[in-house]
There are 2 protein chains.
Amino acid sequence: MSKILTIGEILVEIIATNRGNGFREAVPLIGPFPSGAPAIFIDQVGKLGQDCAIISRVGDDDFGWVNIDRLTADGVDVSGIDVVPQGTTGSAFVRYRQDGSRAFVFNIRHSACGVIDLSDKMLALIDSCTHMHVMGTALYAPSVVASILTAVERIKGAGGTVSFDPNLRPEILDSPGMREALQTVLSKTDLFMPSGEELFLFAEAKTEADAVAELLAKGIKAIVVKRGAKGATYFDSKTTLSLDGFEVEEVDPTGAGDCFGATFVTFWLRGASPADALLYANASGARAVTRAGPMEGASTKAELDSLIKLQGKA
Amino acid sequence: MSKILTIGEILVEIIATNRGNGFREAVPLIGPFPSGAPAIFIDQVGKLGQDCAIISRVGDDDFGWVNIDRLTADGVDVSGIDVVPQGTTGSAFVRYRQDGSRAFVFNIRHSACGVIDLSDKMLALIDSCTHMHVMGTALYAPSVVASILTAVERIKGAGGTVSFDPNLRPEILDSPGMREALQTVLSKTDLFMPSGEELFLFAEAKTEADAVAELLAKGIKAIVVKRGAKGATYFDSKTTLSLDGFEVEEVDPTGAGDCFGATFVTFWLRGASPADALLYANASGARAVTRAGPMEGASTKAELDSLIKLQGKA
């Protein structure tokens, strides 16, 4: 039986309830919502009933416990989350602008998860897992990058698999050693899940087909290109398969890509066909956008079945 | 002409708009409001048209600029606020419980103002000031305590004066070296402004009159005991004067004690009689509680005059 691991930031998210540019005046907000891309990912994995764990750090404050309680309730092994007595749980304030883009105020680097080192207990947790998911957002600090690389090496070395969602903030690419770290991750990646243009981050090619061929030639087994509301395309050496997205009313897109990825990885590890994995992943991403809050729209398999049936895609 | 200095935390405050116990689930909020007890204090001083400055640190994010913009608009010299490029501005989430007590989630120690060291520019700023106000909340980190003690020594050494609002969180009292630091501050204090029971923090005596006598005998020139909505009492070697508070509808008491103190100190430095200083300070505390947000209820002199006249206390 597979057990999926991820390592990275755990945050609370505070959402402005009206649109506008940033936080230079008091505005109505709602929160704290459990958040952090790796946390959203692993929560969606847990909700599908899949064994899974996250390695991270939170402060011993309400914001840390909001996350631990939610992850625990949704079936995630939280033994790898250190609760730091004098630490502060990370946070992200987000406000949508009129054009749909987002303004953020982050507290990650100086929060409890700003440093993630691996204790012996965490190394043992890594060794109990069979799949490592690397979330690009998590590559924000040298210690976290090092911990992720260690997990990739150990899990891959023991015959496990690796998935990689680049999900990169542009400024991360220019941090010292980052391109080397990304190349190392990519060289161990079995399943690569870029969004749109991220496909070209690690390829010389200028067309999608050429970039896919180039990456598959490097040893990646499968690629899923996420296209948001438009659906997604699966590629491996034999197959190219595109599926349209679902028709839903978008309330809050944050977390949709993470839920999509979590669902695809889970079905893929369970041996589902690419068509089935893509169908469920699309349904998961679609349900995610219908709820305010990054982790609030994570779905059970029954909820995905229900949406698939409702839209006649079964 | 006097110039008033304070040193300490600058925060944003995020307020839950419904009552309850803490932040273990998403609740409606409003913020960011400029905050931090020393910042509220100095903003109220600035609004009274008094020369003043604050030494602190914020991140280069919207939360830092919310504070700098407000303090600048209200007449505070902000040249002593360092904007830390990779720093995070401090924050406090506050939620009132049904019984009126408050639950907090703080980010101070790991925020930009978690360390405040004095550059040459800041030492010059200190030397341009004639009065130092020590806010007890600001004694949260060794570097901040050291900076405050330096400012007290230099301003006092140059013939200036010192006021001290203990405003202490109980856990601070037990930090290493804290009682010694507090005794040093107290030994330099001209004007001591405790709330209620804080009068007894530094006295052996068990009654208010005895504690006041004991503290005045140590060299403190004047004591103002703050009693919230009930008003305040002024003591010096010759005078004891109690004034009732104003009748106002309380919306949010946060910051009222800081506005009270700022107004008293400002009038006291301007040579007002104890009766006048107390009257304006009471009016300032009263206006502060009528507005949501810690710094939103800071008042101009005209606004204080208006309230005093309205309630027939002129």
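In summary, B:Arg102 fulfils each of the numbered conditions (1) buried (at least 19 other Cβ atoms within 10 Å of the Cβ); (2) over 24 Å from B:Val45 (Cα atoms); (3) of a type outside the set (S, T, N, Q) with the single exception of condition (1).
Can you tell which of A:Val289, A:Val251, A:Val265 is modelled with pLDDT under 95 and among the aliphatic types (A, V, I, L, M)? Step by step, each of A:Val289, A:Val251, A:Val265 is checked, and only A:Val251 is modelled with pLDDT under 95 and among the aliphatic types (A, V, I, L, M). Scoring B:Thr72 on the criteria (1) among the hydroxyl-bearing types (Ser, Thr, Tyr); (2) modelled with pLDDT of 95 or more; (3) in contact with a Gly (Cβ under 8 Å, 6 or more places away or on another chain) leaves a single failure, condition (3). Residues of the stretch A:7-17 that are part of a loop (DSSP other than H, G, I, E, B) and within 11 Å of another protein chain (Cβ to nearest Cβ): A:Thr17 alone.
For every residue, the table says whether it meets (1) in contact with a Leu (Cβ under 8 Å, 6 or more places away or on another chain); (2) assigned to a strand (DSSP E or B); (3) not small (Gly, Ala, Ser).
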site	(1), (2), (3)
B:Leu182	yes, no, yes
B:Val185	yes, no, yes
B:Glu198	yes, no, yes
B:Ala205	no, no, no
B:Asp210	no, no, yes
B:Glu214	no, no, yes
B:Ile220	yes, no, yes
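Can you find a residue in the stretch A:238-246 that is in contact with a Phe, Trp or Tyr (Cβ under 6 Å, 6 or more places away or on another chain), under 24 Å from A:Thr6 (Cα atoms), aliphatic (A, V, I, L, M) and modelled with pLDDT of 95 or more? Scanning the stretch A:238-246, I find no residue that is in contact with a Phe, Trp or Tyr (Cβ under 6 Å, 6 or more places away or on another chain), under 24 Å from A:Thr6 (Cα atoms), aliphatic (A, V, I, L, M) and modelled with pLDDT of 95 or more, so the answer is no. In the stretch B:32-70, of all residues being without any contact (Cβ under 8 Å) to a residue 40 or more places away in the chain and within 12 Å of chain A (Cβ to nearest Cβ), the one that is surrounded by the most Cβ atoms within 10 Å (Cβ to Cβ) corresponds to B:Asp61. Just one of (1) within 14 Å of another protein chain (Cβ to nearest Cβ); (2) closer than 22 Å to B:Trp65 by Cα fails for B:Glu25. It is (2). For the stretch B:156-172, the set of residues classified as part of a helix (DSSP H, G or I) and more than 18 Å from the chain's Cα centre (by Cα) consists of B:Lys156, B:Gly157, B:Glu171, listed by residue number.
Residues of the stretch A:182-199 that are crowded, with 17+ Cβ neighbours inside 10 Å and not charged (D, E, K, R): A:Leu182, A:Val185, A:Leu186, A:Thr189, A:Leu191, A:Phe192, A:Met193, A:Pro194, A:Ser195, A:Leu199.
Condition first: closer than 18 Å to B:Cys52 by Cβ and within 19 Å of the chain's Cα centre (by Cα). Now tell me which residues in the stretch B:138-154 satisfy that.
Correct list: B:Ala138, B:Ser147, B:Ile148, B:Ala151, B:Val152.
B:Val144 fulfils the conditions (1) buried (at least 23 other Cβ atoms within 10 Å of the Cβ); (2) touching a Ser or Thr at 6+ places or on another chain (Cβ under 6 Å); (3) of a type in the set (Val, Ile, Thr) except for a single criterion, (2). All conditions in (1) modelled with pLDDT under 95; (2) away from chain A (no Cβ under 14 Å) hold for B:Pro85, with the sole exception of (2).
Can you say whether A:Ala217 is surrounded by 15 or more Cβ atoms within 10 Å (Cβ to Cβ) and of a type in the set (Gly, Ala, Ser), as far as the supplied structure shows?
no
From the residues in the stretch A:119-155 that are assigned to a helix (DSSP H, G or I) and polar (S, T, N, Q), which one is modelled with the lowest pLDDT? That would be A:Thr137. Within the set B:Gly80, B:Gly75, B:Gly20, the sole residue that is under 30 Å from A:Ala292 (Cβ atoms) and more than 10 Å from every other protein chain (Cβ to nearest Cβ) turns out to be B:Gly20.
The values are calculated or read from the model by the stated rules, or taken from the named source; none is laboratory data. It should be emphasised that the depicted structure is a prediction, and the values quoted were computed from it without experimental measurement. Cβ sites come from the backbone with ideal geometry, for glycine too, and all protein chains shown count toward neighbours.
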